[in-house]
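> Supplied in structure tokens, the structure appears directly below.
The values are calculated or read from the model by the stated rules, or taken from the named source; none is laboratory data. Because the structure is predicted, anything quoted here is derived from the model rather than measured. Note that we place each Cβ from the backbone using ideal geometry, even for glycine, and neighbour counts take in every protein chain shown. Note: areas computed on protein heavy atoms with side chains; ligands, DNA, RNA excluded. Shrake-Rupley method; radii C 1.70, N 1.55, O 1.52, S 1.80 Å.
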Amino acid sequence: MNYLEFLILVLPEAVLTMTALIVIGLGAKSGRGGANPFSSGFLTAIGAAGIVAAGLVLALLPAEASLGGMLVLDPLTRLFKWVILAMSLLTLALVPGWAPPAHRGEYLGLILFATVGLSLVISSEDLLMIFLALELASLSLYILAGYNCDDSYSAEAAMKYFLFGSISAAFLLFGMSLVYGYTGSTHLAEIGAALADLPTEPIFALGVVMMLAGLGFKVVAVPFHLWAPDAYQGAPAPSAALIASGSKVAGFFILAKILLLSFADWDGSADWGGFATGWVPFLALLAALSMVFGNLSALAQTSVRRLLAYSAVAHGGYILLGLLSGGTVGIAAVLFYITLYGMTAIGAFGVVALVEQRRGGDSVAHFAGLAKEAPFTAGCFLVFLISLAGIPPLAGFFGKFFLFTSALGGSAAGDPSGLVWLVSLGLGMNVLSLYYYLRVLKQVFARPPAESTGHATGTPPLLGCMLATTAGAIIFLGCFPNLLLKPIEAALRVVG
Amino acid sequence: MIAWTFILAFAGAAALLVLPKARESASRWIALAAGGGGLLIAIQHCLLYSKNTDTFQSVTNWEWIPALGIRFHIGADGISLVMLLLTGLIAVTGVLFSWNVVKNPRLFFALFLTIIGACHGVFLSLDVFLLFFFYELVIVPKFFLILLWGSTNREYGAMKLTLYSVAASALIFLGLMAAHVASGTGSFGLFELAAADYTRGFQLWAFPVLFLGFAVLAGIWPLHTWAPTGHVAAPTAASMLLAGVVMKLGSYGALRVAMPLFPEGLAAWSGVIAVLAGAGVIFGALAAFAQRDLKFVIGYSSIAHMGFVLLGLATLNHIGLSGAVMQMFSHGLIAGLLFAVVGRMIYERTRTRDLDELGGFRLRHALPAATGVFIVATAASIGLPGFSGFVAELSILIGAWRAFPFYVLLGGIGIVLTAAFSLRALNRAFLAEEEQTDRPPLPPLTRPEVIGAGILVTATVLAGIQPQPLLELIGRGLDGPLFEAVLQIREVRP
């Protein structure tokens, strides 16, 4: 191994790390009278510049590179590193207005460190590297969730997130050790190759299930979701947005990679009446539980943040459906959906943050009359929620159509009846979901605002830009899904 | 290019959204222009249709989402053109009957035009994904139209209507995906899917799923209760649009997609469809008989009329199917007219729709023009000769006679009941002879109202005395390749 090669491969991450250090340094500098001389807008701008620079550096790297199989760079990982960077960049738009006021520099630094972790998750193809990268991202996210130390909700969020997270990390690591012990390799492709010649034994199955449990925590699948509502509710808005977007994107990406590269030979079947042992039935169970519990729990929520958390659980279920088919089409559907889901989540948290700041809470009633006071924000909120509900012309519609079609097409060729039970369940639950989204939108558009307390109206410019970008992308991708689908498919074809 | 119908509507909607508030009063003119443009294009294509022997004309076929074999494929046959004509008529008159909307007219007309554009799109799509895309596009605008501008019980009505639509769409969603996968063509094109071979076992479950999904929007009994509640809660233009055009999206989808795709499933289930359709006719009419709210009377009468459409679809013969399409057109105009009279002409002046209270207004003397329009609409709704409803219902009954004679009896009872409740409503609301009360005189009809009513009355009378051009258009559509298998079902069997 050559250190120069290593440096080239992780150059984007290196840029991000350098930026993080600079931002932390500037943030810690005390000026006259102990106050920090740099405004948070300035620090955020540096952070944003770092992310953009990392994205540009990424474009300059060779098309395909690999570091002994530990870290790889191919068209697919490059594309999704860009997606992760974009998510972080969008999240940064929330920092000046809604991050906890103390220690801004460190807060920004942590976001950048989390981005480094997530970006490394995308490019790693080795169990050890995957674990390290996931933990790097998670540790930063734990702190980000609890950053608002004066707020007991924030502390609770961090505590729950951390406890569940560390236990799931233990599961993941234990599962990895079993798989390593059984196959003799930590490299994803080698594990897959080794499995082709090995009989499957219970100890290996145990390892796979433990790994899936650990990753199930990252992608917020039932029954590993219990941390999510509290974390989404208590964390500062930018942290919650990053947890809901970047972290989920990376989680699903690596889950798909592990399943396809390593365990493709041990998939089994979840077809009705034709169950066969493997990870597919296990994942089908997680998907069914997530769709049902996520949607049913969301129906009962009064806090919009918790509602978004449960809807995230439900969407996790829909996305898992795409993985079940195991083919390239399913993976393309999953990757398309997580990308647009991440954008939607950030946008929705932006709106929630604005409402919280102006009205002092995030219950459904606090959204009353938002359309009168901030019509643009309300319009974007409509786009986000309706896209989550899967209604055209928004990207969520095509995304769901693609996911469900790939799930149906994945069972025995030409016969769509295998997974119909699961797809029907998903569709039925999706109908329910429209009810709770419309309940919020009814408040936004049809109810008069609570008596005016003289707070500001309209949309702040930075938030407006972020909302316009995300909502615009969702509408545009809804009408022309090929713009994102084509690069994903091309990359998948190269990777094979 | 026929795509201009929906491009105009969507462009109009977009223009309205960015229109400055100071120029708010221009919004109705923009809406009128966009709707009127669509109508003119539809008329032009109807006139030109016979010049060419192709079943589908003005075809545009572009690649859209190659990963799933989805194409932007549109084109119009005779059936599409008749439906486009209806959409255009309702668009224009709907705007005319909303001329006085004061509360945020820009948003109102933008939502209205979005629905219009989506309806145009459904009627033109030759790719089932594209059709479904337009079909679902209707859902959110109609929710907000009812929620923000509605009257009686609007939050409940809007939510119920929306959830029914979405649940029905989920069935369509499932049916279309299953067809795509089972066909093995890797395409969502209507022709490709219709040409594929499906096993009988598959058709037996896929057909009812797909058909029921569409039929819910067409108000099939017993899943029809969303329609009266929603249509009563909606503002006038939206009631006209929902009952006049949006319900037809359901029956059109059933005819265009569900039936040609799965002929074997259709053959097995057509008896059940006929039973449900007959039940819809009877129960819709009976329910209309029991209403005190004039708008509810019309809401339930729509169920009865749409029952005729479904009955026509179930006959599976040429005359029955063409009667069904004719009935879609005819009911669209009549429902539009009735909702316009009740929601706009009467309710906005009297602030009541209760049959007995309306009797006290002596509407015959207070609003003679509105009474006259209502009488014409009632006559058309009953199916008197000389109106479009007569031709349509007669064709359906002839078709039904050939397919299953017993149902003609049901249809006949339905017609009698329709006449009974229509005349009852007319009598109690408009012609009641009550003692003179001291009510302030009602304002006379405005010019947009008169023009709107004139357009609809003319259309239904023209289609009644001269139905041949429309029937020719419909007939040529039914002769197309899509319906070959459907029309063979009954002929093959002894």
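> Label B:Phe406 and B:Val275 with points 7 Å out from Cα along Cα→Cβ: what is the distance between them in nm?
0.9
> Efficiency by 1/(1 + (r/R0)^6): what FRET value for B:Val450 and A:Tyr435, r their Cβ-Cβ distance, R0 = 45 Å, to the nearest 0.05?
It comes to 0.60.
> Right, another one. Treating cross-link reach as a plain straight distance, find the lysines whose alpha-carbon is under 21 Å from the alpha-carbon of A:Lys442, omitting any fewer than eight places away in the same chain.
A:Lys372, B:Lys103, B:Lys142, B:Lys160
> From the residues A:Leu120, A:Ala231, A:Ser262, which one has its Cα farthest along the dipole of the protein assembly as shown in the positive direction, the dipole being from +1 and -1 charges on Cβ of Lys/Arg and Asp/Glu about the Cα centre?
Positive-end residue among those listed: A:Ala231.
> Still on this structure: Which FRET efficiency value, to the nearest 0.05, is calculated for A:Ala102 and B:Glu155 with the Förster distance at 41 angstrom and r the Cβ-Cβ distance?
Efficiency, rounded to the nearest 0.05: 0.40.
> Projecting each Cα onto the charge dipole of the protein assembly as shown (Lys/Arg +1, Asp/Glu -1 at the beta carbon, about the Cα centre), which of A:Ala389, A:Ala276, A:Val220 comes out farthest on the positive side?
Going by the Cα projections, it comes out as A:Ala389.
> Give me the angle, in degrees from 0 to 90, between the Cα long axis of helix B:318-339 and the longest principal axis of the Cα atoms of chain B, rounded to the nearest 10.
So the helix axis and the longest Cα principal axis differ by about 30 degrees.
> Please get the size of the charge dipole for segment B:4-492, origin at its Cα centre, with Cβ charges of +1 on Lys and Arg and -1 on Asp and Glu, quoted in debye to the nearest 20.
1000
> Something else about it: Along Cα→Cβ, 7 Å out, is where each label goes; now give me the distance between the ones at B:Ala33 and B:Asp354 in nm to one decimal.
Label-label distance for B:Ala33 and B:Asp354, simple model: 4.6 nm.
> Right, another one. R0 = 25 Å: FRET efficiency of B:Ala369 with B:Arg292, Cβ-based, nearest 0.05?
0.50
> Simple spin-label model, 7 Å along Cα-to-Cβ: A:Leu285 to B:Asp54 in nm?
The answer from the label model is 5.6 nm.
> Rg(Cα) of segment A:261-417 divided by 2.2 N^0.38 Å?
Cα-based Rg divided by the globular estimate yields 1.20.
> So, one more: With +1 on each Lys and Arg Cβ and -1 on each Asp and Glu Cβ, and nothing else charged, work out how big the dipole of the protein assembly as shown is about its Cα centre, in Debye to the nearest 20.
That gives a dipole near 2620 debye.
> Here is a follow-up. Using θ = phi - 60° and the Karplus relation 6.51 cos²θ - 1.76 cosθ + 1.60, list the HN-Hα couplings for segment A:60-65 in order, rounded to whole Hz, with x at every Gly or Pro.
8, 5, x, 4, 9, 8
> Take peptides B:403-416, B:230-243 and line them up by average Cβ neighbours within 10 Å, highest first, as a rough protection proxy.
In descending order of packing, they fall as B:230-243, B:403-416.
> Quick one: plug the Kirkwood hydrodynamic radius of chain B (C-alpha pairs) into Stokes-Einstein at 20 °C, 1.002 mPa s, and report D in µm²/s.
96
> Also: Charges at C-beta only: +1 for Lys and Arg, -1 for Asp and Glu. How large is the resulting dipole of segment A:268-372 about its Cα centre, in Debye rounded to 20?
Charge dipole of segment A:268-372: 420 debye, to the nearest 20.
> May I ask you to evaluate 6.51 cos²θ - 1.76 cosθ + 1.60, the Karplus curve with θ = phi - 60°, for each residue of segment A:21-28 and list the ³J(HN,Hα) values in order in whole Hz, giving x for glycine and proline?
For segment A:21-28, the Karplus-derived couplings read 5, 4, 5, 5, x, 5, x, 7 Hz, x marking Gly and Pro.
> OK, next. Equivalent ellipsoid semi-axes for segment B:328-451, as square roots of 5 times the alpha carbon gyration tensor eigenvalues: give them largest first, rounded to whole Å.
33, 16, 10
> Roughly how far apart, in whole Å, are the Cα centres of segment A:354-405 and segment B:126-146?
A separation of 18 Å, based on Cα centres.
> So, one more: Would you give the gap between the C-alpha center of segment A:430-489 and the C-alpha center of segment B:242-258, rounded to a whole Å?
If you average the Cα positions of each part, the centres end up 30 Å apart.
> If you don't mind, there's one more thing I want to ask. Using every Cα-Cα pair within chain A, state what percent have a distance larger than 33 Å.
The calculated P(r) of chain A puts 34 percent of pairs beyond 33 Å.
> Measure nothing fancy, just the Cα-based angle from helix B:200-217's long axis to the longest principal axis of chain B, in degrees from 0 to 90, nearest 10.
20
> Given H placed 1.01 Å from N in the peptide plane, which residues other than close sequence neighbours of A:Ser66 have an amide H under 5 Å from its amide H?
For A:Ser66, whose amide H was placed from the backbone, the distant partners under 5 Å are A:Leu73.
> Something else: Just want the answer: with Cβ charges of +1 for Lys and Arg and -1 for Asp and Glu, which residue in B:Thr114, B:Phe129, A:Gly322 is farthest toward the dipole's positive end in the protein assembly as shown?
Value: B:Thr114.
> Accessible area lost on pairing B with A, both sides, 1.4 Å probe, Å² to nearest 100?
Separately minus together, B and A give about 3200 Å² buried.
> While we're on this one: With θ set to phi - 60°, apply the Karplus curve 6.51 cos²θ - 1.76 cosθ + 1.60 along segment B:99-111 and write out the HN-Hα couplings as whole Hz, x wherever there is a Gly or Pro.
Couplings: 4, 9, 4, 9, 6, 6, x, 4, 5, 4, 6, 5, 5 Hz.
> Rg to Rh for the protein assembly as shown: what is it, with Cα atoms only and Rh by Kirkwood?
Result: Rg/Rh = 1.01.
> Computing the accessible area with a 1.4 Å probe over protein heavy atoms, can you report the carbon and sulfur percentage for the protein assembly as shown?
That fraction is 67 percent.
> Taking H as built 1.01 Å from N, whose amide H comes closer than 5 Å to the amide H of B:Ser151, not counting residues under 5 places away?
Excluding prolines and chain starts, which carry no amide H, the hits are B:Ala234.
> Let me ask something else about it. Under a 5 Å amide H to amide H cut-off, with H placed in plane at 1.01 Å, what residues pair with B:Trp221 once short-range neighbours are removed?
B:Gly280
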